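The block underneath contains the structure these notes are about, expressed in C-alpha coordinates.
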Amino acid sequence: MTKKIRKAVFPVAGLGTRFLPATKAIPKEMLTIVDRPVVQHVVDEARAAGIEHFVFVTGRNKAVIEDHFDMAYELDDTLQKRGKAKELAALKHDLPAAGATSFTRQQAPLGLGHAVWCARDIVGDEPFALLLPDMLHHGGKGCLAEMIEAYERHGGNHIAVAPVPDDQTHQYGIVGVEDASAKVSRITGMVEKPAKGTAPSNLHISGRYILQPSIFELLARQEKGAGGEIQLTDSMIALQEKEPFFAVRFDGAIYDTGSKIGFLAANVAYALEREDLGPQLRAEIARMTG
Ligand code: G1P
(Lines give C-alpha, C1' and ligand atoms only; values in the text may rest on other atoms or scores of the structure.)
Protein backbone atom coordinates (compact mmCIF):
# COMPACT_ATOMS: atom_id res chain seq x y z
CA MET A 1 0.00 0.00 0.00
CA THR A 2 1.34 3.41 -0.93
CA LYS A 3 0.79 6.38 1.36
CA LYS A 4 -1.83 8.74 -0.03
CA ILE A 5 -0.56 11.97 -1.62
CA ARG A 6 -2.42 14.59 0.41
CA LYS A 7 -0.26 17.68 0.12
CA ALA A 8 1.00 19.67 -2.84
CA VAL A 9 3.72 22.30 -2.80
CA PHE A 10 3.61 25.32 -5.11
CA PRO A 11 6.81 27.36 -5.29
CA VAL A 12 5.60 30.90 -6.05
CA ALA A 13 8.51 33.02 -4.87
CA GLY A 14 10.04 33.81 -8.30
CA LEU A 15 10.52 37.45 -9.26
CA GLY A 16 9.04 37.25 -12.75
CA THR A 17 11.64 39.53 -14.32
CA ARG A 18 10.78 38.21 -17.79
CA PHE A 19 7.37 39.87 -17.51
CA LEU A 20 8.38 43.33 -16.32
CA PRO A 21 6.79 45.82 -16.10
CA ALA A 22 3.61 43.71 -15.68
CA THR A 23 5.14 41.97 -12.65
CA LYS A 24 6.45 45.06 -10.88
CA ALA A 25 3.55 45.10 -8.40
CA ILE A 26 1.70 41.88 -9.34
CA PRO A 27 3.17 38.40 -8.81
CA LYS A 28 3.69 36.59 -12.12
CA GLU A 29 1.55 33.75 -10.80
CA MET A 30 -1.43 36.12 -10.73
CA LEU A 31 -1.23 36.95 -14.44
CA THR A 32 -4.31 35.51 -16.06
CA ILE A 33 -4.86 32.75 -18.56
CA VAL A 34 -8.26 33.93 -19.84
CA ASP A 35 -9.94 34.84 -16.52
CA ARG A 36 -8.13 32.64 -14.03
CA PRO A 37 -4.71 33.39 -12.54
CA VAL A 38 -1.95 31.03 -13.65
CA VAL A 39 -1.62 29.69 -10.09
CA GLN A 40 -5.36 28.96 -9.92
CA HIS A 41 -5.09 26.69 -12.98
CA VAL A 42 -2.36 24.70 -11.26
CA VAL A 43 -4.30 24.47 -8.00
CA ASP A 44 -7.28 23.25 -10.08
CA GLU A 45 -5.08 20.46 -11.46
CA ALA A 46 -4.01 19.48 -7.94
CA ARG A 47 -7.60 19.49 -6.65
CA ALA A 48 -8.69 17.33 -9.57
CA ALA A 49 -5.99 14.86 -8.52
CA GLY A 50 -7.40 14.64 -4.97
CA ILE A 51 -4.92 16.93 -3.18
CA GLU A 52 -6.25 18.06 0.21
CA HIS A 53 -3.68 20.59 1.40
CA PHE A 54 -2.03 23.32 -0.65
CA VAL A 55 1.37 24.61 0.46
CA PHE A 56 2.61 27.83 -1.11
CA VAL A 57 6.24 28.86 -0.85
CA THR A 58 5.94 32.59 -1.36
CA GLY A 59 8.23 35.60 -1.02
CA ARG A 60 8.02 39.32 -0.56
CA ASN A 61 5.32 41.07 -2.62
CA LYS A 62 3.31 37.86 -2.96
CA ALA A 63 0.67 38.53 -0.31
CA VAL A 64 -2.02 38.87 -2.95
CA ILE A 65 -1.71 35.13 -3.70
CA GLU A 66 -2.75 34.44 -0.11
CA ASP A 67 -5.70 36.82 -0.53
CA HIS A 68 -6.70 35.07 -3.73
CA PHE A 69 -7.10 31.75 -1.92
CA ASP A 70 -9.02 33.29 0.99
CA MET A 71 -12.68 34.15 1.26
CA ALA A 72 -13.35 37.73 0.12
CA TYR A 73 -16.11 38.44 2.59
CA GLU A 74 -17.05 41.94 1.35
CA LEU A 75 -17.05 40.79 -2.25
CA ASP A 76 -19.28 37.80 -1.43
CA ASP A 77 -21.64 40.09 0.44
CA THR A 78 -21.86 42.55 -2.46
CA LEU A 79 -22.44 39.79 -5.01
CA GLN A 80 -25.15 38.35 -2.78
CA LYS A 81 -26.94 41.69 -2.47
CA ARG A 82 -26.75 42.24 -6.22
CA GLY A 83 -28.17 38.80 -6.94
CA LYS A 84 -25.04 37.60 -8.77
CA ALA A 85 -25.64 33.96 -7.88
CA LYS A 86 -23.49 32.50 -10.66
CA GLU A 87 -20.40 34.54 -9.79
CA LEU A 88 -20.88 33.77 -6.10
CA ALA A 89 -21.18 30.04 -6.74
CA ALA A 90 -18.02 30.09 -8.87
CA LEU A 91 -16.03 31.80 -6.11
CA LYS A 92 -17.40 29.32 -3.53
CA HIS A 93 -16.45 26.41 -5.74
CA ASP A 94 -12.85 27.61 -6.05
CA LEU A 95 -12.36 28.43 -2.37
CA PRO A 96 -10.13 25.89 -0.61
CA ALA A 97 -11.59 24.45 2.61
CA ALA A 98 -10.75 26.30 5.82
CA GLY A 99 -7.31 25.18 6.98
CA ALA A 100 -6.44 23.57 3.65
CA THR A 101 -3.80 26.14 2.69
CA SER A 102 -0.39 26.95 4.18
CA PHE A 103 1.99 29.72 3.28
CA THR A 104 5.67 29.97 4.05
CA ARG A 105 8.34 32.27 2.66
CA GLN A 106 11.53 31.62 0.83
CA GLN A 107 13.55 34.49 2.24
CA ALA A 108 16.09 34.69 -0.60
CA PRO A 109 15.99 33.42 -4.22
CA LEU A 110 18.47 30.58 -3.74
CA GLY A 111 16.93 28.11 -6.21
CA LEU A 112 14.09 25.63 -6.63
CA GLY A 113 15.72 23.10 -4.29
CA HIS A 114 15.84 25.72 -1.56
CA ALA A 115 12.20 26.73 -2.16
CA VAL A 116 11.03 23.11 -1.79
CA TRP A 117 13.16 22.67 1.35
CA CYS A 118 11.36 25.69 2.88
CA ALA A 119 8.16 23.56 2.86
CA ARG A 120 9.72 20.67 4.85
CA ASP A 121 7.98 21.27 8.16
CA ILE A 122 4.57 21.82 6.59
CA VAL A 123 4.88 18.67 4.46
CA GLY A 124 6.28 16.57 7.30
CA ASP A 125 7.03 12.87 6.94
CA GLU A 126 4.84 11.95 3.97
CA PRO A 127 5.19 11.80 0.19
CA PHE A 128 3.97 14.94 -1.54
CA ALA A 129 3.29 16.48 -4.93
CA LEU A 130 5.21 19.45 -6.29
CA LEU A 131 3.79 21.60 -9.08
CA LEU A 132 5.70 24.44 -10.73
CA PRO A 133 3.01 27.02 -11.50
CA ASP A 134 4.78 28.37 -14.62
CA MET A 135 4.16 25.12 -16.43
CA LEU A 136 0.55 24.53 -17.43
CA HIS A 137 -0.34 20.96 -18.33
CA HIS A 138 -3.51 20.73 -20.32
CA GLY A 139 -5.50 17.72 -21.45
CA GLY A 140 -6.76 14.32 -20.38
CA LYS A 141 -7.66 13.79 -16.73
CA GLY A 142 -4.82 16.13 -15.69
CA CYS A 143 -1.10 15.54 -15.36
CA LEU A 144 -0.98 15.13 -11.58
CA ALA A 145 -3.98 12.75 -11.62
CA GLU A 146 -2.11 10.55 -14.13
CA MET A 147 1.01 10.66 -11.98
CA ILE A 148 -0.87 9.67 -8.83
CA GLU A 149 -2.26 6.65 -10.69
CA ALA A 150 1.29 5.64 -11.63
CA TYR A 151 2.44 6.27 -8.04
CA GLU A 152 -0.32 4.08 -6.64
CA ARG A 153 0.87 1.25 -8.88
CA HIS A 154 4.63 1.61 -8.45
CA GLY A 155 5.29 3.68 -5.29
CA GLY A 156 8.57 5.58 -5.12
CA ASN A 157 9.19 8.96 -6.76
CA HIS A 158 7.68 10.21 -10.01
CA ILE A 159 8.50 13.00 -12.46
CA ALA A 160 6.34 14.13 -15.37
CA VAL A 161 8.28 14.29 -18.64
CA ALA A 162 7.60 15.24 -22.24
CA PRO A 163 9.78 15.50 -25.32
CA VAL A 164 11.27 18.86 -26.35
CA PRO A 165 13.20 19.68 -29.54
CA ASP A 166 16.91 18.77 -29.24
CA ASP A 167 17.96 22.42 -29.40
CA GLN A 168 15.98 23.19 -26.22
CA THR A 169 17.25 20.44 -23.89
CA HIS A 170 19.82 22.80 -22.31
CA GLN A 171 16.97 24.92 -20.86
CA TYR A 172 15.52 22.14 -18.68
CA GLY A 173 16.19 19.21 -16.43
CA ILE A 174 16.49 16.14 -18.67
CA VAL A 175 15.98 12.48 -17.76
CA GLY A 176 17.22 9.26 -19.30
CA VAL A 177 14.69 6.39 -19.15
CA GLU A 178 14.62 2.62 -19.70
CA ASP A 179 11.87 2.84 -22.34
CA ALA A 180 11.21 6.25 -23.92
CA SER A 181 8.01 5.07 -25.60
CA ALA A 182 6.34 3.79 -22.40
CA LYS A 183 3.81 5.86 -20.47
CA VAL A 184 5.63 5.07 -17.22
CA SER A 185 9.29 4.10 -17.27
CA ARG A 186 12.15 3.78 -14.78
CA ILE A 187 14.48 6.76 -14.80
CA THR A 188 18.09 5.81 -15.43
CA GLY A 189 19.66 9.24 -15.04
CA MET A 190 18.94 12.95 -14.66
CA VAL A 191 20.83 16.11 -15.42
CA GLU A 192 19.93 19.75 -14.83
CA LYS A 193 20.42 22.06 -17.83
CA PRO A 194 22.84 19.83 -19.79
CA ALA A 195 25.34 21.62 -22.04
CA LYS A 196 24.24 21.58 -25.68
CA GLY A 197 24.73 18.19 -27.30
CA THR A 198 25.20 16.29 -24.02
CA ALA A 199 21.58 15.51 -23.01
CA PRO A 200 20.87 11.80 -22.32
CA SER A 201 17.51 12.12 -24.15
CA ASN A 202 15.05 14.82 -25.20
CA LEU A 203 12.64 14.13 -22.32
CA HIS A 204 12.44 17.23 -20.16
CA ILE A 205 11.27 17.51 -16.56
CA SER A 206 8.04 19.40 -17.11
CA GLY A 207 7.35 20.70 -13.60
CA ARG A 208 5.27 18.00 -11.87
CA TYR A 209 6.76 15.72 -9.24
CA ILE A 210 5.74 13.19 -6.60
CA LEU A 211 8.52 12.96 -4.05
CA GLN A 212 9.23 10.98 -0.92
CA PRO A 213 10.00 13.04 2.19
CA SER A 214 13.57 11.67 2.17
CA ILE A 215 14.27 14.39 -0.43
CA PHE A 216 14.35 16.95 2.41
CA GLU A 217 17.47 15.41 4.04
CA LEU A 218 19.29 15.83 0.74
CA LEU A 219 17.98 19.34 0.14
CA ALA A 220 19.18 20.26 3.64
CA ARG A 221 22.77 20.02 2.38
CA GLN A 222 22.04 23.19 0.36
CA GLU A 223 24.72 22.40 -2.21
CA LYS A 224 24.79 24.74 -5.19
CA GLY A 225 24.51 23.35 -8.72
CA ALA A 226 23.78 24.67 -12.21
CA GLY A 227 23.65 28.48 -12.34
CA GLY A 228 24.95 28.72 -8.75
CA GLU A 229 21.48 27.74 -7.44
CA ILE A 230 20.40 25.01 -5.04
CA GLN A 231 18.87 22.68 -7.60
CA LEU A 232 16.10 20.21 -6.87
CA THR A 233 17.41 17.96 -9.66
CA ASP A 234 20.76 17.49 -7.86
CA SER A 235 19.00 16.16 -4.74
CA MET A 236 16.80 13.92 -6.90
CA ILE A 237 19.95 12.49 -8.51
CA ALA A 238 21.27 11.66 -5.03
CA LEU A 239 17.91 10.18 -3.96
CA GLN A 240 17.82 8.02 -7.09
CA GLU A 241 20.79 6.05 -5.72
CA LYS A 242 18.55 4.87 -2.88
CA GLU A 243 14.99 4.97 -4.16
CA PRO A 244 13.18 4.20 -7.43
CA PHE A 245 12.30 7.10 -9.72
CA PHE A 246 9.77 6.84 -12.55
CA ALA A 247 9.11 9.13 -15.50
CA VAL A 248 5.43 9.61 -16.36
CA ARG A 249 5.08 10.81 -19.91
CA PHE A 250 2.49 13.56 -20.31
CA ASP A 251 0.88 13.51 -23.74
CA GLY A 252 -1.27 16.64 -23.46
CA ALA A 253 -0.21 20.20 -24.23
CA ILE A 254 2.35 21.93 -22.00
CA TYR A 255 2.64 25.73 -21.89
CA ASP A 256 5.61 27.42 -20.26
CA THR A 257 3.76 30.53 -19.14
CA GLY A 258 7.03 31.94 -17.80
CA SER A 259 7.88 32.72 -21.44
CA LYS A 260 5.90 35.29 -23.39
CA ILE A 261 5.13 32.93 -26.23
CA GLY A 262 4.00 30.18 -23.87
CA PHE A 263 1.84 32.66 -21.97
CA LEU A 264 0.18 33.99 -25.13
CA ALA A 265 -0.30 30.52 -26.60
CA ALA A 266 -1.93 29.29 -23.38
CA ASN A 267 -4.34 32.22 -23.41
CA VAL A 268 -5.35 31.49 -27.00
CA ALA A 269 -5.63 27.73 -26.48
CA TYR A 270 -7.67 27.96 -23.28
CA ALA A 271 -9.96 30.66 -24.73
CA LEU A 272 -10.56 28.72 -27.96
CA GLU A 273 -11.90 25.81 -25.89
CA ARG A 274 -14.43 27.98 -24.08
CA GLU A 275 -17.97 27.94 -25.40
CA ASP A 276 -18.48 31.59 -24.47
CA LEU A 277 -15.28 32.81 -26.16
CA GLY A 278 -14.04 30.22 -28.65
CA PRO A 279 -16.16 31.00 -31.73
CA GLN A 280 -15.70 34.76 -31.45
CA LEU A 281 -11.98 34.50 -30.81
CA ARG A 282 -11.57 32.16 -33.77
CA ALA A 283 -13.29 34.75 -35.97
CA GLU A 284 -11.07 37.53 -34.59
CA ILE A 285 -7.91 35.54 -35.25
CA ALA A 286 -9.06 34.75 -38.78
CA ARG A 287 -9.72 38.45 -39.37
CA MET A 288 -6.31 39.45 -38.00
CA THR A 289 -4.32 36.81 -39.86
CA GLY A 290 -6.40 36.41 -42.99
C1 G1P B 1 13.08 24.06 -13.27
C2 G1P B 1 13.74 22.71 -13.02
C3 G1P B 1 13.96 21.97 -14.33
C4 G1P B 1 12.64 21.84 -15.08
C5 G1P B 1 12.00 23.23 -15.26
C6 G1P B 1 10.61 23.11 -15.86
O7 G1P B 1 13.97 24.89 -13.98
O8 G1P B 1 14.97 22.93 -12.35
O9 G1P B 1 14.50 20.69 -14.08
O10 G1P B 1 12.86 21.24 -16.32
O11 G1P B 1 11.87 23.91 -14.01
O12 G1P B 1 10.11 24.39 -16.09
P13 G1P B 1 13.75 26.49 -14.09
O14 G1P B 1 12.63 26.69 -15.05
O15 G1P B 1 13.44 26.97 -12.72
O16 G1P B 1 15.06 27.03 -14.62
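Dividing the convex hull volume of the alpha carbon atoms of the chain by its residue count gives 156 Å³ per residue. The order of Thr32, Thr169 by accessible area, most exposed first and with a 1.4 Å probe, is Thr32, Thr169. Packing, taken as the mean count of other beta carbons within 10 Å per residue, orders the peptides 220-233, 124-137 from highest to lowest as 124-137, 220-233.
Put a plus charge on the Cβ of each Lys and Arg, a minus charge on the Cβ of each Asp and Glu, and nothing anywhere else: the dipole of region 68-132 about its Cα centre is then about 260 debye.
Within the straight-line cut-off of under 23 Å between alpha carbons, the lysines reachable from Lys3 are Lys141, Lys183, Lys242, sequence neighbours fewer than 8 places apart in one chain being disregarded. In this structure the chain gives 51 Å² per residue of accessible area when probed at 1.4 Å with all protein chains present.
Rounded to the nearest percent, how much of the accessible area of the chain (1.4 Å probe, protein heavy atoms only) is carbon and sulfur? Show your work: numbers first, answer last.
Numbers: 7740 of 14740 Å².
Reported share for carbon and sulfur atoms: 53 percent.
The GNM of the chain, with springs linking C-alpha atoms under 10 angstrom apart, assigns the highest mean-square fluctuation among Tyr255, Tyr270, Tyr73 to Tyr73.
Based on the Cα gyration tensor of region 88-173, what are the three equivalent ellipsoid semi-axes, each the root of five times an eigenvalue, rounded to whole Å and given largest first? The partial results should precede the final answer.
Details: eigenvalues 121, 85, 57 Å².
That gives 25, 21, 17 Å for the three semi-axes.
Gyration tensor analysis over the Cα atoms of region 1-159 returns equivalent ellipsoid semi-axes of 26, 21, 15 Å (largest first, whole Å). Can you check what the net charge comes to around Asp76, using other residues whose Cβ is under 15 Å from the Cβ of Asp76 (Lys, Arg +1; Asp, Glu -1)? Local charge sum for Asp76: -1. Taking a straight line from the alpha carbon of Lys81, these lysines sit under 28 Å away, with near neighbours fewer than eight places off in the same chain left out: Lys92.
For region 194-290, the fraction of alpha-carbon pairs lying more than 20 Å apart is 60 percent, rounded to a whole number.
Rounded to the nearest whole Hz, the Karplus-based 3J(HN,Hα) values (6.51 cos²θ - 1.76 cosθ + 1.60, θ = phi - 60°) of region 60-67 follow the sequence 4, 6, 10, 4, 5, 5, 5, 4, with x at glycine and proline.
Between the alpha-carbon centres of region 268-290 and region 11-31 there is a gap of 27 Å. Most simply put, the chain has about 60% antiparallel DSSP beta bridges, counting only bridges with both residues inside it.
Translational diffusion of region 47-132 was estimated from the Stokes-Einstein equation, with Rh taken as the Kirkwood radius over Cα pairs; at 20 °C and 1.002 mPa s the coefficient is 143 µm²/s. Scanning residues 5 or more positions from Thr101 or on other chains, those with amide H under 5 Å from its amide H are Phe54, with H placed 1.01 Å from N in the peptide plane.
The values are calculated or read from the model by the stated rules, or taken from the named source; none is laboratory data. Bear in mind the structure is a predicted one, so any value in this text is a computation, not a measurement. Here Cβ is always computed from backbone atoms with ideal geometry, including for glycine, and neighbour counts include all displayed protein chains. The accessibility values were calculated without ligands, DNA or RNA, using every heavy atom of the protein model including side chains. Shrake-Rupley method; radii C 1.70, N 1.55, O 1.52, S 1.80 Å.
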